[in-house]
């Protein structure tokens, strides 16, 4: 891996950029890029057209302005100007009906995809479907479940010892812990060996994290029995106690289960930007609990897989799945965890993120590093659906990207309208109907982060800081669409942690 430091490494984290062209063959990247550019244009075109049609419908049926009909009320010593104007009941009912239809349609689509996988008995089409898997191992005992943990690490001397310690403190300790050291130039390898774990060092790897894991899995996978599981865990992550015990129980209870992912929450610290990220992760975990663990993405922070799932993915590359034959991970994917999730689902595999498997993960300490992280996530998500195309499995992901795009226009329009109103009116006018909607929205924001404590609730109830944080994420989305549509080549941004402080031993007198 060739790295070019952008900042001098000091007491805080430094950002290191890695050019992606070294990890992806030029011909492969160009062929993918043409289709990815179509993905960006299609999403941008659909979203813009939908917003334009809505704007046209509103403009055609625009009611007469009723601002001059505003009323004045006295509350204590204040005089308040308000307007009781509200959308027509037919407009409100139509909006609710469209929202419910969209939600119901998406839910029905997911149900049909899951039902299709559960009922399939075709090993050529869906080799990881439950009936196919259970038919292959019926009546056989493959031994007790063992856990082998792979920790990909590139210069992770600061966080790796804590990650290993969290594994060793688990009530169900893993049978093997293997650090996959990828082109490390710090003390990562030495610290791993001092901790008593195995180390596999990558050889001439230019495929980043995915390439290093592919090399390690070619060594580890042949050693795994059918009842064993392999866990992929980031080097900056710490498991909560009970994670592995609960995951193993899930695998024991369901022979057809192919993967178990974790629910992650953010570490403490990093001020306001840290609280923004913690609130975001709390809402995602709550959403997963309400979905009863049905997974959007098997998080790269910590996920477990049956060996048969990884072997089947490797055998399906360049056939029914994108990628190089024999590789578990597609090294052309910017977001390898999202791509692997789509791969397992495309082969009919079942997966879950149970609420009793929780993990604390690293937060980005600055707006710059957060921008780099989210741009990689967004660009990777778009490229993944571009690589897989439109299939029953990926329709959910296409709908998600379209929803995000429409939300970008809606939130931008909302904030622009507020600013325009402030500039245009001499006196602020309150609209009770919209205030009521705003109150409900604020209440929802507070309830969804309630478990995060008073800081999370305080940030949510103020509303506008989180709206501006959402606008920051919207800008990331727009940048990803523009880069993809213009064919701009993606790049990795690797966050390097500060070296751990050394404690001085007291001298003997």
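Model label points for residue 267 and residue 447, set 7 angstrom from Cα along the Cα-to-Cβ axis, are 3.4 nm apart. Panel order for 111, 291, by other beta carbons found within 10 Å of each beta carbon, from fewest to most: 111, 291. Extension gain for the segment residue 124 to residue 104, taken as residue separation times 0.36 nm less the Cα-Cα distance, is 4.1 nm to one decimal.
Going by the alpha-carbon gyration tensor, a ≥ b ≥ c the square roots of its eigenvalues, is segment 193-245 rounded (a/c under 1.5) or, if a/c is not under 1.5, prolate (a/b greater than b/c) versus oblate? It comes out oblate by the Cα gyration axes. Taking a quarter of the surface of the convex hull around the Cα atoms of segment 104-386, what do you get in nm²? Averaging across all directions leaves 14.9 nm² for the Cα convex hull. In terms of its alpha-carbon gyration tensor, segment 136-288 comes out oblate; a/c meets the 1.5 threshold, while b/c is at least as large as a/b.
Remark: relative contact order (segment 104-195) = 24 percent; criterion is Cα-Cα distance under 8 angstrom and separation of 6 or more residues. Counting neighbouring Cβ atoms within 10 Å and putting the fewest first, the residues 340, 106, 96 line up as 96, 106, 340.
Compute the length gained on full extension between residue 146 and residue 169: take 0.36 nm times their separation in residues and subtract their Cα-Cα distance, giving the result in nm to one decimal.
Residue separation times 0.36 nm, minus the Cα-Cα distance, leaves 6.6 nm.
Computed over the alpha-carbon atoms, segment 311-430 gives an Rg to Rh ratio of 1.15, Rh here being the Kirkwood radius from the mean inverse distance.
Counting beta carbons within 10 Å around each of 428, 434 and listing the fewest first gives the order 428, 434. Using a simple spin-label model with pseudo-atoms 7 Å out from Cα toward Cβ, residue 418 and residue 44 lie 2.8 nm apart. A simple spin-label model places the labels of residue 134 and residue 471 5.2 nm from each other, with each point 7 Å out along Cα-to-Cβ.
Any read-out appearing in this document is the output of simple, stated calculations on the displayed coordinates, not a laboratory observation. These numbers were taken from a predicted model, which means no experiment stands behind them. Cβ coordinates were reconstructed from backbone atoms using ideal geometry, including for glycine residues, and neighbour counts include every protein chain displayed.
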